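For reference, the structure discussed in these notes is given below.
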Amino acid sequence: MKLLKIISKNFKMLFRAKGSGAIVLFGPLIIILLVGFALNKPSTYELSIGVYATNYNELANSFIGELKNNNYLIQQFDSKEGCIDAIKKSIIHTCIVFPEDFEIAESKTNELKFYVDYSRTNLVYQIIETVSSQIDIRSSELSFEMTNKLLNILTNTNEEVDADILALINLKSATNNIVSEIISIQENMDSIDLKMEETNIKSIKSKFSNIEPLVEDLKDSGEDAISEGREFSEDQGNSSNAGFLGDLDDIEQAINTTFNETSETIKDIEILISNASNKINDIKTKLEKAQKANKNIKSSLENTKDSLDILKEDTNKVKASLESINSGIESIEVKSAESIVSPITTSIEPVIAESTQLNFMFPALLILVIMFIGIMLSSTLVIMEKKSKSSFRTFTTPTKDSLFVISTYITSLILLIVQIIIILILAYFFIKSDLLANFGLTSLILFISMSLFILIGMVIGYLSSTQEATTMLSIAVGSVFLLLSNLILPLETMSDFIRNLTKFNPYVISSEILKKVLVFNIGIKFVIKPLLFLTLGIFILFILIFLFQKISKISYLNKMPHIKRQGLIYIPEDNYLKLGKHIIKNKEEVLTLLKKIDDEEFSEYVSNNQNEIFIWLKNILKEKTLARKIKTKNREDMIKIIDTHLKKEKNKTEKKSKRK
Amino acid sequence: MTDPILKIQNVVKKFGEKTILKGLNFDIRKGEIFGLIGASGSGKTTLLSIMIGFVRPEQGDVLFRFEHLLDFEKAMTFRSVFKKQEIVKKMYGFAAQVPSFYENLKVRENLEFFGSLYNLSKDALKTNVETLLNLMDLKNSEDLLAKNLSGGMERRLDIACALIHDPKVLLLDEPTADLDPVLREHIWNLVKKINKKGTTIIIASHHLNELENLCSRIAILKKGKIIDVASPEAIKNKYAKIQEIHLESYPGNYEKIINQLKKKKLIDCERKGSELIIRSNKPQKTFQELFPILAKLKEEITDLKVGKPSLDEVFISISEEKEEKKEKKEHETP
């Protein structure tokens with residue numbers, strides 16, 4: 001009953017507070033609506049790109065055309081400075097400056113300079129990524145063309161090398177044949193015996209010369225034999241001997257003839273031998289020449305063979321080299337230009353059906369709304385209660401402190417739930433988000449997230465001392481959570497330390513698990529750990545809140561006797577102004593006293609050397625202006641000044657209360 | 001003499017090194033209007049906070065009479081306010097220096113809300129709200145948001161909120177601060193009405209003259225000590241050694257009269273409106289000095305009153321007396 005009454009009171013307070021009702025109710029809806037309009041488009045960016053080139057040649061224009069084809073808004077500039085200025089003026093998002101003589105040439109690097117506005121941190125990487133990718137596409141096309149050309153040349157070379165290897169094989173074979181022939185020739189030549197046995201013509205001659213005496217001896221012997229025959233015949237005297245003697249004559253004649261002929265023959269032979277000797281000498285000479293020539297030929301053949309061997313080796317080397325080239329060429333597995341230019345192609349396949357950015361960002365945005373509204377709403381409720389005039393009265397009632405904590409939590413939760421339901425309904429119909437697919441888990445995550453951020457807001461409320469401080473602290477905490485999340489900068493771009501911190505960022509944890517459940521439709525077992533972590537956070541925050549509430553209450557009650565009441569400043573007794581026997585507690589009493597005392601008494605308290613009223617007004621009441629005004633005045637003037645001052649103060653108070 | 005409803009026993013309270021309350025001992029009687037007077041910073045609010053159990057003293061205790069409806073034995077016992085907070089809160093109503101309610105709730109809503117926090121039944125709450133709206137003259141403003149109320153109405157709403165659960169004891173801390181005399185009078189009349197219904201009322205205020213006619217007893221708190229607890233009259237009798245002569249004369253050339261009196265060493269005199277007030281501890285002698293002066297200045301007496309000074313002036317005289325004694329002591333000490 002009490003709880004319901006407090007919650008009901010919270011609602012009344014909230015809706016009656018200036019502007020807060022409207023902000024609390026319509027704030028998140030407006031945020032979602034605006035974000036929806038902003039992001040409800042396919043995932044491309046309407047980027048304005050400025051380009052500048054000294055010469056808009058075919059190559060530059062091909063790049064520009066590529067960008068235009070991808071729906072980028074292209075603005076051409078006449079100068080680099082103009083292009084850069086346009087970024088500063090937010091006319092364009094990025095400026096691409098083409099290099100001078102932008103063309104594809106040997107040993108020429110064409111650097112395209114991107115000028116971006118890094119102050120637009122959230123957009124700059126997107127710009128670099130998207131525009132660079134378009135430039136890369138064109139660059140790849142050029143690479144493709146050049147690689148294709150190169151590959152054709154390589155293919156041709158391969159074929160030619162193949163032919164050359166074949167020729168080399170033939171050449172090698174021919175060389176081998178030649179070498180064989182040479183060897184054969186050498187062998188044949190070796191087999192030619194051009195050596196001539198030393199023909200001893202002289203011995204022949206001498207032997208022939210020996211033949212003559214022998215022939216003469218023979219003739220003599222014959223003649224002797226014939227003489228003896230004759231003698232013999234004569235001795236026998238017989239008629240029969242006549243034949244014999246005739247024969248002997250014949251023989252003698254024959255011997256003479258033969259002798260003559262033999263002599264002649266010998267002479268002829270000697271001539272012939274002499275001629276033969278000459279001929280032999282000629283032949284010998286010729287043979288010697290032939291031998292020399294043979295030797296030279298053999299030497300030449302040997303040299304030729306050696307040369308051919310070298311040629312063979314070189315041929316082998318060339319062949320091996322060509323074979324190596326060929327095998328090198330053949331070993332290139334990827335021979336298509338496309339594969340070389342883009343050995344790895346990426347294709348982005350969405351794990352869920354492609355949709356608008358809002359669909360993907362919806363969980364993060366939903367948690368964003370929960371975070372900011374949860375923190376701000378609960379912190380506002382707490383500080384409203386804390387700073388409310390009623391704080392003291394509530395302490396006097398027999399109501400447990402925890403009841404106010406719980407009622408604030410429930411009030412915030414109810415409001416947040418209503419808002420989230422409205423947002424979810426809108427999301428269901430307009431973003432076509434499939435919220436019902438994992439409704440139970442989605443609800444659980446939303447409930448835990450809401451509780452967590454509400455409790456964070458309550459801690460902020462209890463820690464703050466003013467409404468302004470609460471608002472600032474709430475925004476600051478929300479902003480820190482937001483900055484340390486993926487929504488503005490990718491976590492991967494942050495330092496390790498910060499990245500580790502983000503693991504404890506409730507916004508990151510909540511939005512990640514909601515995304516997993518809402519977008520990827522995964523089950524509870526994949527999100528149980530972060531859910532338990534958030535739940536633990538809720539328990540810790542509850543404990544902290546009870547602790548802070550206790551401290552806050554003790555601090556309030558301890559300060560009570562010393563609080564400055566609106567419009568009145570209490571002066572501790574020790575700081576009363578004591579003028580003689582008069583005790584002055586406030587300005588009114590100063591005026592009364594000044595009217596009461598005479599100038600003589602006045603001079604006891606105020607003189608050129610000392611002005612106790614001035615010191616008191618200045619140091620105790622801190623009325624420096626009034627103190628300065630009365631510093632050098634006489635009693636009458638002082639009365640007038642203080643009187644006027646009090647009247648003005650009274651008028652102001654009256655005006656204030658009238659306004660009230 | 002009625003029974004005490006509260007017993008303040010040897011209460012000592014310190015804030016840091018400074019001792020705010022230095023061993024206070026006194027009782028509050030059932031059904032009385034008890035005034036707690038003291039200068040600002042004398043510890044009145046601290047004492048009230050201790051009485052209701054909000055602030056714990058370093059020493060001492062505050063006991064309340066445990067009123068058990070059925071058990072007579074128990075009803076006669078006293079319990080510490082620091083141990084039975086639930087009962088104490090139901091027993092007390094507290095209107096602090098600054099009105100305490102929800103500014104964004106209407107007058108009636110405030111009363112209903114605070115009533116609901118005391119677990120009042122629907123009927124009791126309705127009755128109490130109606131009674132208080134009428135009693136506090138807030139019936140015509142019941143649908144106004146509290147933030148739109150005037151100073152006097154705020155104060156009345158605050159007291160109404162303190163009374164919503166029909167407490168036995170009502171503590172009022174400076175209930176007429178910031179209010180004009182008419183509104184102050186209105187509040188005091190309300191206090192009397194509430195007291196007539198049987199509610200014990202403890203008022204801390206520095207409007208001593210107003211308490212004089214309201215309180216049955218008064219405690220004078222000065223620098224953390226109770227100087228005296230007695231009825232206003234008894235206090236005045238005890239401390240007011242000087243008497244005030246209120247003179248009205250024609251043509252009323254009071255400056256001249258004052259100058260003449262000062263020559264006779266009667267320096268404690270002042271003009272207050274149409275009166276000349278002369279303070280003296282020997283009024284007979286003063287008259288002897290005064291009449292010849294009036295005759296000399298041809299002043300015709302139109303009104304002449306002799307009486308004790310107001311409680312306010314008694315309080316100041318007590319303060320001065322103490323100061324003088326202190327100074328004297330300091331001078332005597334080498």
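A few remarks follow.
- Å³ per residue enclosed by the Cα convex hull of the range A:156-231: 103
- Computed over the protein assembly as shown, the ratio Rg/Rh where both radii use C-alpha atoms and Rh is Kirkwood: 1.59
- A helix-only calculation puts the protein assembly as shown at -20500 deg cm²/dmol for mean residue ellipticity at 222 nm, using -39500 (n - 2.57) for each DSSP H run of at least four residues, averaged over all residues.
- Overall Cα dimensions of the range B:257-304, principal axis frame, Å, largest first: 23, 23, 19
- Long-range amide H partners of B:E174 with built H, under 5 Å: B:A204, B:S205
- Unit charges at the beta carbon, dipole of the protein assembly as shown: most positive-side option, A:S300, A:I475, B:I278: B:I278
- Between helix B:122-135 and chain B: long-axis angle, C-alpha atoms, 0 to 90°, nearest 10: 20
- Each Lys or Arg adds one and each Asp or Glu takes one away; over the other residues whose Cβ falls under 13 Å from the Cβ of A:E270, this sums to +1.
- Across the range B:18-147, Cα pairs under 8 Å and at least six residues apart give a relative contact order of 17 percent.
- Estimated dipole of chain B in Debye, rounded to 20 [Cβ of Lys and Arg +1, of Asp and Glu -1, Cα centre]: 960
- Sequence of A:R635, B:R65 once ranked by neighbouring C-beta atoms within 10 Å, starting from the fewest: A:R635, B:R65
- Each residue of the range B:272-280 is assigned a 3J(HN,Hα), and the resulting list reads 10, x, 8, 10, 10, 10, 10, 9, 7 Hz, derived from the Karplus form 6.51 cos²θ - 1.76 cosθ + 1.60 (θ = phi - 60°), x at Gly and Pro.
- Loop-resident trypsin sites (Lys or Arg not before Pro) (DSSP state other than H, G, I, E or B) in the range A:170-218 with no more than 10 further Cβ atoms inside 10 Å of their Cβ: A:K195.
- Around the Cα centre of the protein assembly as shown, unit charges on the Cβ atoms of Lys, Arg, Asp and Glu (plus for the first two, minus for the last two) sum to a dipole of about 17880 debye.
- The ellipsoid equivalent to the alpha-carbon distribution of the range A:247-334 has semi-axes of 77, 13, 5 angstrom, derived from the gyration tensor eigenvalues as √(5λ) and listed largest first.
- Close amide H partners of B:L221, meaning residues 5 or more places away or on another chain with modelled amide H under 5 Å apart, are B:I37, B:G38, B:I227.
- Partner lysines for A:K12 [C-alpha distance under 18 Å; skip if fewer than 8 residues away on the same chain]: A:K2, A:K386, A:K387, A:K389, B:K106, B:K147
- Rounded to the nearest 20 debye, the dipole magnitude of the range A:186-303 is 1520 debye, with +1 charges on Lys and Arg beta carbons, -1 on Asp and Glu beta carbons, and the Cα centre as origin.
- The angle between the Cα long axis of helix B:254-263 and the main principal axis of chain B comes to about 70°, on a 0 to 90 degree scale.
- Positive-end extreme of charge dipole, the protein assembly as shown - chosen from B:S121, A:G246, B:S216 (charges on Cβ): B:S216
- Three-way shape label, the range B:81-183, alpha-carbon gyration tensor, a/c 1.5: oblate
- Cβ-to-Cβ counts within 10 Å put A:V382, A:V116, A:V97 in ascending order as A:V116, A:V97, A:V382, the fewest first.
- Computed 3J(HN,Hα) for the range B:204-211, one whole-Hz value per residue from the Karplus formula 6.51 cos²θ - 1.76 cosθ + 1.60 where θ = phi - 60°, is 9, 7, 10, 7, 5, 4, 6, 5, glycine and proline marked x.
- Gyration tensor (alpha-carbon) shape descriptor, the range B:1-141, a/c threshold 1.5: oblate
- Each residue of chain B gets 177 Å³ once the volume of the Cα convex hull is shared out per residue.
- Gyration tensor (alpha-carbon) shape descriptor, the range B:163-224, a/c threshold 1.5: oblate
- DSSP assigns beta bridges within chain B; of those with both partners inside it, close to 70 percent run antiparallel.
- When A:F453, A:F404, A:F539 are arranged by Cβ crowding within 10 Å, least crowded first, meaning fewest neighbours, the order is A:F539, A:F404, A:F453.
- Lysine pair count for the range A:157-296 with Cα-Cα distance under 20 Å and sequence separation of 8 or more or different chains is 22.
- Placing unit charges on each Cβ (+1 for Lys and Arg, -1 for Asp and Glu) gives the protein assembly as shown a dipole about its Cα centre, and among A:Q549, A:V590, A:I92 the Cα reaching farthest toward its positive end belongs to A:V590.
- Partner shielding of B:113-124 amounts to 4, given as the average count of beta-carbon atoms from other chains within 10 Å of each residue beta-carbon.
- Using only Cα coordinates, the Kirkwood hydrodynamic radius of the range B:145-287 works out to 18.4 Å.
- A convex hull fitted to the Cα coordinates of the range B:1-59 yields 85 cubic angstrom per residue.
- For the range A:599-615, putting each phi into the Karplus relation 6.51 cos²θ - 1.76 cosθ + 1.60 with θ = phi - 60° gives couplings of 5, 5, 5, 4, 5, 5, 9, 10, 9, 5, 8, 8, 9, 5, 5, 4, 4 Hz, in residue order, rounded to whole numbers and with x for Gly and Pro.
None of the figures in this text is laboratory data; all of them are computed from the coordinates on show. Quick caveat: nothing in here was measured; it's all calculated off a predicted structure. Here Cβ is always computed from backbone atoms with ideal geometry, including for glycine, and neighbour counts include all displayed protein chains.
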